[in-house]
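> Here's a structure for you.
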Amino acid sequence: MAENQTPTLQTMERVYEAEIKLLQEEIAMLQNQQENNEREVISHFGEHTQRALTSQPDFQRGTKDTAMNLKMELEKLEEDLARQTKMNGIVLNECEVNTLEKSKTKIVQQHRVSGNCIFLDFQVEFQLTEILEEEATIVRSITDLNIVVDGCEFIDISAFVSGVEETKSLLLFFRALRAFSERCEHRNRTFAHFKEKYPELVRLPEGCRGEVMVIQNPKIPGCTLSFVWNITVTKDGVIIPKIDLLTKLPEQAALALDQRMVAENGPQSFQSLLRILGVEATIEALIAAVCVE
Amino acid sequence: MDDSTKQVLRQIIRRIPLNKLQNMLSKWEHLSKKQLRSLEFTQPKWLLCDNLLSICEENDLSMKHVTELEIIYRIDHPAQGSWNVCQLIDPEEEAVTADLLHFKQLFKAHLRGLISHVSVKTKKHEDGAIWIRIAWGDNFTQPNHLKPTYVVHHLQTPYVFVSGLTMKHKPLLHQALVLSAHYGGIKDVHLSGRCLTALRDLLMRQYKQVFPVKHPRLLLERSPLPSNPNIQMEHAKHAENRLQMAAEAFGEGILPKLETAVYKLETRFRENGNGMLGRREEPFRGVVKFASSNLLESLKYCVSSGMASAPVTPLLSSITQKGRNYFVITDKGPGASHTPGPNI
Amino acid sequence: MEDARECLRDGVLNHLNVLEIEALELSRQQQLCLQQQSRVDDLRIMVDKLRAQKDQLKARAKTTMSLQQLKAVVHQRNEEFNDDISEEGCSMTAKSQLSFLMARKTQVKDLLQAHHLIGGYDVTETCRGKGVCISIATAFEGFYLETYNLELDVSRAIQICRHNIPPFIPLEKLAQVNLQTDLMGFLSTLSHHLNGFAGRRQQIRLIQEVLRDSVEVMESNVLFNTIVLMCADPEENGRAVLCTLEYSDLSRYLPTKVTIESEDKALPSTPQWKESQSLLLQTPAHTALKALKMKGQIA
């Protein structure tokens, strides 16, 4: 009796397997269609979504509940997104995902995200691969990475960025980007603060996002103190600030001071001043020195 | 080989089961291949032991070599005897950069300074832990190798696992550990059990813990259990919640094999009505002990199946969260009177 | 009966053997059948499930509008600006709002996923706002490694309730510094420590996997901040060379000190090896050693 049943079971197996394959393909197509549709809508009507959320058209009885649920869900999601943005310190404006390959054990997706971190804009394109290995472990890796950063501080970070692209270190890039942007913002705030406090004495030749702040007493032309605040990123994402003081003195003053070896010992004493007082207090001290003279 | 060495060897052989003996002897590497082959492992143990003893005498082995055999056996089968866990506290600067060689030297030196007759043997395990075997003597007697203490320490972590330590020697061991590991003190963390790997996994967090994080859909869908879509579970949501709470409290996958949890009650007896017990001022002393071959699995099942109430009471979830299995409950709250467990 | 008598002629034992073989064969077939039956059952359930899913998607597609249709609606609305809203108009507007909402929902979900993929903290609220759960992702050179989690109680002072951070990471020390005063700073430092640790460990794993024949890891510790590697000179009597890598900054995956030693006392001072020493200071160990192997400097 066993022998008679097996062929029927086998054919049933085959029939079901074929149907499953067909259904899976149909489902994938429907999902793709839906996703594409939604993306098109968003990219076209982006600005109008705010209006869509607040408007309260009359709903037919059936759809009212769906819309209410959808609105509540969306509100929660938007709250979550705001929270993530705040915690991560990174604003993401757009993202696009394309699935290049999908099977039971492997999936390859192409992602493109663009946004900004404080005042550095970025566009990052990366290829993400997930492979299901034995013992149900999933290995996730970046298999291609392209980064474009915009902003006047880009030059300081460009070497780091090309290194990161080579090693596909996506997470390292964003970690360092955040730390780098925070330092740049601190520099920017400090320079802006002193420019506001002492508008005649302080000049920012490269703008407030630049590296240099020049302190000069208009009554003593030819004598300038250039405060150079350099921020670079090493290959492994460590932020290194380097602060130097360049002094320009007119000839007579330089000769006079040179007798006391001031110009030579200047940099060292400046560095120790920085260490003891910190940046802001040091700048105040320099400004005070320029004023007194 | 003197008599005490023979005695120790006999005890060791007695403890090692026959089926593991051959493997242990070959790992020991103090018998030549020929000698190993000459032993018949189908003989009764006492006969085998005698033959082994004569071979060891031939090779002129001493106590040092014999204790090595014991260490090897204990390392491979750490579930012998029960282990207690201590935690080193107040790390000094050098604690982070502690290295094995220095620790070994310091420990031996300190212990020998504290007690005159002591035999210390150390061995590094492949997972980076250091195993220490201590045979204690005192001012007048030689070290007693029949009752050794075993200590396992993972450098750069504050945990020390101890087995076979008497109250008399406890302060000496603690002192030596604190000084050689560069910490300020040491405390008991109220965690004990037979299975060393379970205790270690619990404290080193080497089991899978579950957190209430919404993971954005994993790209690869793990194949879900085929459930018929035409059949809907009535309390599906509740069951799912219970499962999630159980997983958050106890973990997921293979859980460390704890065997017991003991709650010592020092609370006043509370009862409805006007019975005699309730009127007493002094606390009603009782001990509640949970025992199981795999305690965490059992507790997890209790919660996920609805037998225990969810959310999980902190009395039970403290076992994994605080990494301890001995609690004293007073009226002011659990564990208030004794030092809290090892974690932050 | 005839068969039986024939079998008995061969002997009872033989007969029993034959019966046993037959019984085993029958049980095997029965098991096979049962397996197949249960497999067929599973497949049927799968088919039902997929059918239900397909129906759901189709229904959803019906309620949402394509871009064309939405454009038409907006155009129409602009044209009929002053007209009273008719029944038709109502349902269209409702439908278009639904479409907007659904599209926006997908977009927000995608953005949240993107935050997760770029290594964000995946903040989740717990206990109705009294608690927060944070995930710290680690990765090295494109490979995503472990994710560590912290559950914080934020009702009064910030406290760590639960975490799965290994005990050799100095969590307590880091928390003492700025957990209360600067949560973001604390998380950033912790993330650097965890990523530094994960990076160092991954380098050792890669060396053991890829450079198995050239480099042996003699010593390492749980934090992977002191590593001793042994490689050999490519010449015939390959002298052993020991490279000791010390990482005193636990948040970095590059060493702060590299020592080269060899049985040949002169070897470490040769220009070749001096160069290798600085290479090991600037590049991750596995990359540096691979380069040395390619150059033929190690066997």
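The values are calculated or read from the model by the stated rules, or taken from the named source; none is laboratory data. Quantities reported herein were computed from a predicted structural model and do not represent experimental measurements. All Cβ positions, glycine included, derive from the backbone under ideal geometry; neighbour counts span all protein chains shown.
> Criterion first (over 15 Å from B:GLN175 (Cα atoms), buried (at least 18 other Cβ atoms within 10 Å of the Cβ), away from every other protein chain (no Cβ under 14 Å) and not β-branched (Val, Ile, Thr)) does B:LEU61 satisfy it?
Numbers: over 15 Å from B:GLN175 (Cα atoms): yes; buried (at least 18 other Cβ atoms within 10 Å of the Cβ): yes; away from every other protein chain (no Cβ under 14 Å): yes; not β-branched (Val, Ile, Thr): yes.
Criteria met by B:LEU61.
> While we're on this one: Could you check, for region A:172-188, whether at least one of its residues is outside any helix (DSSP H, G or I) and of a type outside the set (Phe, Trp, Tyr)? Talk me through it step by step, then tell me what you get.
Going residue by residue through region A:172-188, those that are outside any helix (DSSP H, G or I) are none.
Among the residues of region A:172-188, not one is outside any helix (DSSP H, G or I) and of a type outside the set (Phe, Trp, Tyr), which makes the answer no.
> Here are the criteria: (1) among the small types (Gly, Ala, Ser); (2) more than 9 Å from chain A (Cβ to nearest Cβ); (3) within 27 Å of A:LEU77 (Cα to Cα). Tell me which single one C:ALA157 does not satisfy.
Going through the list (1) among the small types (Gly, Ala, Ser); (2) more than 9 Å from chain A (Cβ to nearest Cβ); (3) within 27 Å of A:LEU77 (Cα to Cα), C:ALA157 breaks only (3).
> All but one of (1) part of a helix (DSSP H, G or I); (2) of a type in the set (Asp, Glu); (3) under 27 Å from the mean Cα position of the chain (by Cα) hold for C:ASP249; which doesn't?
Unmet condition: (1).
> Please go through region A:143-192 and pick out each residue that is under 26 Å from A:LEU204 (Cα atoms), within 10 Å of chain C (Cβ to nearest Cβ) and charged (D, E, K, R).
The answer is A:ARG178, A:GLU182.
Yes or no, residue by residue, for (1) buried (at least 19 other Cβ atoms within 10 Å of the Cβ); (2) under 27 Å from C:HIS116 (Cβ atoms); (3) in contact with a His (Cβ under 8 Å, 6 or more places away or on another chain):
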position	(1), (2), (3)
A:GLU130	no, yes, no
A:GLY151	no, yes, no
A:PHE154	no, yes, no
A:ARG175	yes, yes, yes
A:PHE194	yes, no, no
A:CYS208	no, no, no
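> Just the residues that are more than 21 Å from B:PHE327 (Cβ to Cβ) and either free of Cβ contacts under 8 Å to residues at least 60 places away in the same chain or surrounded by fewer than 18 Cβ atoms within 10 Å (Cβ to Cβ) (or both), please, taken from region B:179-199. Spell out how you get there, then give the answer.
First, the residues of region B:179-199 that are more than 21 Å from B:PHE327 (Cβ to Cβ): B:179-185, B:196-197.
B:LEU179, B:GLY184, B:GLY185, B:THR197, listed by residue number.
> Going residue by residue through region C:84-97, is there one that turns out to be facing another protein chain (nearest Cβ under 7 Å), at pLDDT 75 or above and crowded, with 18+ Cβ neighbours inside 10 Å?
Yes, the conditions are met somewhere in region C:84-97.
> Output the strands (runs of 3 or more DSSP E) that fall wholly within region C:125-228 and possess 2 or more residues being surrounded by 21 or more Cβ atoms within 10 Å (Cβ to Cβ), or say none. Outline the logic, then answer.
Details: elements: C:131-140, C:143-153, C:159-163, C:216-219.
Counting at least 2 such residues, we get C:131-140, C:143-153, C:159-163.
> Any residue at all in region A:157-165 that's buried (at least 22 other Cβ atoms within 10 Å of the Cβ) and at pLDDT below 90? Spell out how you get there, then give the answer.
Going through region A:157-165, the residues buried (at least 22 other Cβ atoms within 10 Å of the Cβ) turn out to be A:157, A:160, A:164.
Going one step further and asking which of them are at pLDDT below 90, we end up with A:157.
Within region A:157-165 (the criterion being buried (at least 22 other Cβ atoms within 10 Å of the Cβ) and at pLDDT below 90), the answer is yes, since at least one residue qualifies.
> Among the residues of region C:220-234, is there at least one that is of a type outside the set (Asp, Glu), more than 22 Å from C:GLY129 (Cα to Cα), within 14 Å of chain A (Cβ to nearest Cβ) and free of Cβ contacts under 8 Å to residues at least 40 places away in the same chain? Show your work before the answer.
The first filter runs over region C:220-234 and keeps only residues of a type outside the set (Asp, Glu), leaving C:220-232, C:234.
When the remaining residues are screened for being more than 22 Å from C:GLY129 (Cα to Cα), the result is C:220-232, C:234.
From what's left, within 14 Å of chain A (Cβ to nearest Cβ): none.
Taking every residue of region C:220-234 in turn, none turns out to be of a type outside the set (Asp, Glu), more than 22 Å from C:GLY129 (Cα to Cα), within 14 Å of chain A (Cβ to nearest Cβ) and free of Cβ contacts under 8 Å to residues at least 40 places away in the same chain.
> Yes or no: B:SER54 in contact with a strand residue (DSSP E or B) (Cβ under 6 Å, 6 or more places away or on another chain) and either hydroxyl-bearing (Ser, Thr, Tyr) or not in a helix (DSSP H, G or I) (or both)? Don't jump to the end; show me each part of the working.
On the way: in contact with a strand residue (DSSP E or B) (Cβ under 6 Å, 6 or more places away or on another chain): no; either hydroxyl-bearing (Ser, Thr, Tyr) or not in a helix (DSSP H, G or I) (or both): yes.
It is false that B:SER54 is in contact with a strand residue (DSSP E or B) (Cβ under 6 Å, 6 or more places away or on another chain) and either hydroxyl-bearing (Ser, Thr, Tyr) or not in a helix (DSSP H, G or I) (or both).
> Can you say whether C:VAL258 is touching a Cys at 6+ places or on another chain (Cβ under 7 Å), surrounded by 14 or more Cβ atoms within 10 Å (Cβ to Cβ) and within 27 Å of C:LEU194 (Cα to Cα), as far as the supplied structure shows? Steps first, answer last, please.
Values: touching a Cys at 6+ places or on another chain (Cβ under 7 Å): yes; surrounded by 14 or more Cβ atoms within 10 Å (Cβ to Cβ): yes; within 27 Å of C:LEU194 (Cα to Cα): yes.
Yes; evaluated as a whole, the condition is true for this residue.
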